[in-house]
Structure formats: C-alpha cells, structure tokens
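*Asks:* Structure below; questions to follow.
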Amino acid sequence: MNGSVLAFDQAETADREEFRRAVLAGLSRTPRAIPPKFLYDARGSALFDAICELPEYYLTRTETEILKRHAADIASRAGPGSALIEFGSGSSVKSRLLLDALQDLALYSPIDISRQHLDQTAARLRRDYPSLKVEPVCADYMALDALPQINGYKRRLGFFPGSTIGNLEPADATAFLGRTRRLLGKDGALVLGADLKKDPQRLHDAYNDSAGITAAFTLNLLRRMNRELHATFDLDAFMHEAFYSAAEGRIEIYLRSLRSQSVTVAGRTFNFAEGERIHAEYSYKFDLAGIEALARSAGMRVAETWTDPARLFAVTYLIAVP
Ligand code: AVI
C-alpha cells in the first residue's frame, strides 16, 4: 500500500471516529442534536450544490449577483497585492468573481476540510489562472490557528460567503470572527455574506422546496449514520422539518420521528417517541444592525455593505477595529 493511500485511510478512520462520538453524544442529549457539519459528506455536499440551484433557494443566486455587481468595489477597497483566503471554499465558484477583479493578487488560499474538493479546485484554478499562486489548506476553518506564511502581500483579504456564518450559534460566530480577525492581521479585511431577515414565507420556502431536495439533504444524515455507524434508521419513519422562528431570527431544521421506534447506532439503542426530534441545523438571518453588532463583538466593524435591490442578502466588508 502506498503512503498516500495509508494517510487517506487513517484520515477516514479518524473522521469516522469523530462522527461516531459526536452522534452518540448528540443522541444521548436532551434535546437531541447532531452538529451540522456532519450533513456534508460527499452525498450531502452534492445535495447542497443542488439546493443552491433551486428556484426557492435565492441565497446563492442573489449573493452571486451582488458579487458580480460589486467585485470591482471590493477590489478597490482591498487594493492591489492582496492575498485572498477563502474559508470553506467548496468549489470556489464565487471566489472566481473576486479573482477576476482583484489586481496583482499575491496568493489565493482556499481552506476546506475536504481534500478531494480542495485538490480539484486547486487544479482547476491553476489551469485557469496560470500566473496565480494557489496554496490550498486542508483544514477545518473553524479550528484554524495559522495561515500559509507568505511574504510580499499588502493585505490578507478573507472571504466567507454563502451565509455560512448563519449556521453558527451567535457565540460561535463571534469566536470564529475573532479568530479570523487575528488570522488576517490588523490591516486585514473580511468579505462576509449574510442572509437577511425578510418575509417569513420566503424564508420558509427556501428550506422547504417543492422538489424535496432540502428534505433529502437533512435525511441524508440518517443515511450517513446507517452507512458509517451501522445504524438502523428507517428513512421513511423520519421527516425533515424546517421553520422560521421570528423570535430567534433563525430557520430551525430537525429530523422528526413519525412513530415511536427504537434505532441502533454503533451498537447502542436509542428510543424515539412519536414526534421526537433530532436537531440538525440552524440558519440565522440578519439585519444590518445585527451584522454590525456581530462584527463589533469580534473586534471588527462594517466598512461597507452591498445588497441586492430587494434586500434579500448582504455582502459586507469588515475591517479590524484598531
Ligand atoms: C450552508 N448554509 C449557508 C445553508 C443555509 O442556508 O443555512 C445550509 C442549508 N441547509 C438547508 N438548506 C441550506
């Protein structure tokens, strides 16, 4: 067996063990909850890509339009010679809009937990931008304490699109932004995408699409437990449930048990009452004052905000408060 295959196997075993621990702890808690990052195995990531194409899911389209319209403004704020660092890059589609606009870019560093995604992204970018220095970092950006060392860049420009910030609980969002501010340095800046509060029906529809893709995405968590943890979930005995809580300013997503049932997971038995839920994800929605407050809580401020005409989504330019 060659070294890289062995390293891959070891990484996979470690990932599975982390998943097993998180699931057993999460199903033993009251209320039951599994951290949302586990929604994104290969199938989950593909389903999320499909969500981004749905007519009801306006987030991706709207943010892309804002970036298209304002990439030059972002580039002029950042100035030439920046290093672009993307947190959770996936396929880096949106970052291309910035790569095309930024002048004399010193480096592009996509950070992603998926080695496969990163390698594919880096290869495509090197092909399409032959003079760009691409330095991928395979890491969990939520637990990152250093960035690639390079010289000669003028500013570290972070990029955290997609309103992924909304999937963090407020204290975690503050901690993430605070860590990011330190990573980017005193002259650094962060381009942050955030979904805005709006008509609750519009929000509800974005997480309850008529094609059932979002439901398949949430239910995939059960499928993943069945495959990786020898669990016995009956996918027809649970349903995806998503609703907007105006009081909390967030979409809440659960898996709801449709009957009283027992399920075995990694050799342990869990009993579900009819109607009992497993929390799968929050998706916080913001107003502009809320984004400002969040930035301030992490030692940053909003230097500029760009939105679409219907004010569905905001892209903000955050800088460190001296
Ligand atoms: C990745 N994240 C920003 C998505 C969201 O809208 O909160 C995840 C998602 N979950 C269901 N649909 C989309």
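*Asks:* Please work out the FRET efficiency for the pair residue 182 and residue 65, using the Cβ-Cβ distance as r and a Förster radius of 22 Å; give the result to the nearest 0.05.
*Replies:* 0.10
*Asks:* Which value, in Å² rounded to 10, gives the accessible area of residue 302 with a 1.4 Å probe and all protein chains present?
*Replies:* 30
*Asks:* Compute the long axis of helix 3-28 from its Cα atoms, compare it with the longest principal axis of the Cα atoms of the chain, and write down the angle in degrees, 0 to 90, nearest 10.
*Replies:* With rounding to tens, the tilt is 60 degrees.
*Asks:* Residue-wise, which Karplus ³J(HN,Hα) couplings in Hz belong to the stretch 176-192, taking 6.51 cos²θ - 1.76 cosθ + 1.60, θ = phi - 60°, and x for glycine or proline?
*Replies:* 4, 5, x, 5, 5, 4, 5, 5, 7, x, 5, 9, x, 8, 10, 8, 10
*Asks:* Taking the inverse of the average 1/r across all pairs of different Cα atoms in the stretch 1-145, what Kirkwood radius in Å do you get?
*Replies:* 17.5
*Asks:* What does the convex hull of the Cα atoms come to per residue for the stretch 130-224, in Å³?
*Replies:* Considering the Cα atoms of the stretch 130-224, their hull volume per residue is 185 Å³.
*Asks:* Could you list, in their original order, any pairs among 68/285; 154/198; 37/197; 94/198; 133/197; 154/197 whose Cα atoms are separated by more than 28 Å?
*Replies:* Too far apart for the 28 Å limit: 154/198; 133/197; 154/197.
*Asks:* Can I ask one more? If you roll a 1.4 angstrom probe over the protein chains with everything in place, what fraction of the accessible area of the chain belongs to carbon and sulfur, to the nearest %?
*Replies:* C and S atoms contribute 51 percent here.
*Asks:* Could I ask something else about it? If you roll a 1.4 Å probe over the heavy atoms of the protein chains, what accessible area per residue do you get for the stretch 118-195, in Å²? Mind showing how you got there, number by number?
*Replies:* Numbers: 3680 Å² over 78 residues.
Ligands and nucleic acids excluded, the figure is 47 Å² per residue.
*Asks:* Another question, then. To the nearest 10 square angstrom, how much accessible area does residue 236 have with a 1.4 angstrom probe?
*Replies:* Rounded to the nearest 10, that gives 130 Å².
*Asks:* Hey, got the Cα dimensions of the chain along the principal axes, in Å, largest first?
*Replies:* 60, 56, 35
*Asks:* I need to check one value: relative contact order of the stretch 1-141, counting alpha carbon pairs closer than 8 Å and at least 6 residues apart, in percent.
*Replies:* Once normalised by length, the contact order is 16 percent.
*Asks:* Distance between the C-alpha centers of the stretch 222-257 and the stretch 161-182? Whole Å please.
*Replies:* 23
*Asks:* Let me ask something additional. How big is the gap, in Å, between the Cα center of the stretch 52-118 and the Cα center of the stretch 267-322?
*Replies:* Using only Cα atoms, the two centres lie 19 Å from each other.
The values are calculated or read from the model by the stated rules, or taken from the named source; none is laboratory data. Computed from a predicted model, the values in this text were never measured in an experiment. No Cβ is skipped: glycine too gets one built from the backbone with ideal geometry, and neighbour counts run over all protein chains shown. These area figures cover heavy atoms from the full protein model, side chains too; ligands, DNA and RNA do not enter into them. Shrake-Rupley method; radii C 1.70, N 1.55, O 1.52, S 1.80 Å.
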